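The values are calculated or read from the model by the stated rules, or taken from the named source; none is laboratory data. The model shown is predicted, which means the values in this text are computed figures rather than measured ones. Accessible surface is based on the protein model in full, side chains and every heavy atom, while ligands, DNA and RNA are left aside. Shrake-Rupley method; radii C 1.70, N 1.55, O 1.52, S 1.80 Å.
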Amino acid sequence: MDITKKFATFDEQLKIIEDKGFEIYDREECLNFLKSVNYYDISAYFLPFRNSDHTIQKGIEFKRIYKIYEFDRKVRSLIFSAIEEIELYLRTQLSYYHAEKYGAMGYENKENFNGFYNHQELLARVKDECIKRNNKNAVIVHHNVKYNGQIPIWVLVSFFSIGTLSRFFGNMKTSDKKAIAKSLYATKLKLLESWLKCLTVLRNKCAHYSRLYFLKFSNYPKLPKDSKLKTNSRLFGQILVLKFLHINDNSWNNNFILSLESLLEEYSEYIRFRDIGFPENWKEILSK
């Protein structure tokens, strides 16, 4: 009994693709694509074109698959760039708020956090991820030598992963979190918590080159009760979160939106808006 699938050469992979029902007009171009991208990763992009019996819909050219793959890669890069801007803003604002209220080393005192959370677990995560992992970093070395290992929150936060940043925020006192949600985004805490959860998932998918096209996200972003906007489980719902969290309107409109519009136009022959949850008036909804 075979315990795993058998190895397939690039020519054999091409034959598998043909047997599935894809149309191939340029074999050399197809082979070059297979040589540059793992077949396993490519196969996930077959999903929008599968019938209920797992066969491929008739008339689908394989070139369309790698054009969608290419679109997905470029969209991930664009999204990741926007997330970086949001992350930098949140790191700055959260560390500033906490340091101003509780002092440079206030994060070490469990009384400055919500008593329902495990403060020791948070500290262990912070010290392992930020200090031990970066023990040769010039900044960490400097604080270890000159300040006896006392690293203020505004320095430490630069080494936070997005998950640790979200955990740090989640462990803060409810009154502090409400104040931050109101001051930074003029919104309620439950909405901000929902957006940050979506941001963390989306950021990790982009960082690990995961497929975004035709993906159903498990986290739905919450919207204000009086909002006329509609969200969905596809990519559009997650990009809506980026709009909520992005505070530089000029950068958002003139960099992100215009770049996204350009990508959608460039690949309009190959992608389907419904596969990424985009409504017809997407630009109107996302623009600030």
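Separation of the alpha carbons by more than 18 angstrom is noted, of K197/K243; K110/K177; K178/K228; K178/K230; K35/K205; K67/K216, for K178/K228; K178/K230; K35/K205; K67/K216. Note on volume of the Cα convex hull per residue in Å³: of the candidates [x] 141; [y] 133; [z] 201, the value calculated from this structure sits at [z]. Mean sequence separation of contacting Cα pairs (under 8 Å, at least six apart), scaled by the length of the chain, corresponds to a relative contact order of 19 percent. Summarising the amide proton neighbourhood of I56: residues at separation of 5 or more, or on other chains, whose placed amide H is nearer than 5 Å comprise N51.
Of the DSSP H helices in the chain, those that are both long (alpha-carbon extent of 24 Å or more along the helix axis) and hydrophobic (Kyte-Doolittle mean at least -1.0) are 62-102, 189-207. Per residue, segment 120-230 exposes 57 Å² of solvent-accessible protein surface, assessed with a 1.4 angstrom probe and all protein chains in place. Which of the lysines could a cross-linker bridge to K146, judged by Cα under 24 Å and excluding same-chain residues fewer than eight apart? In chain and number order, the partners are K127, K132, K136.
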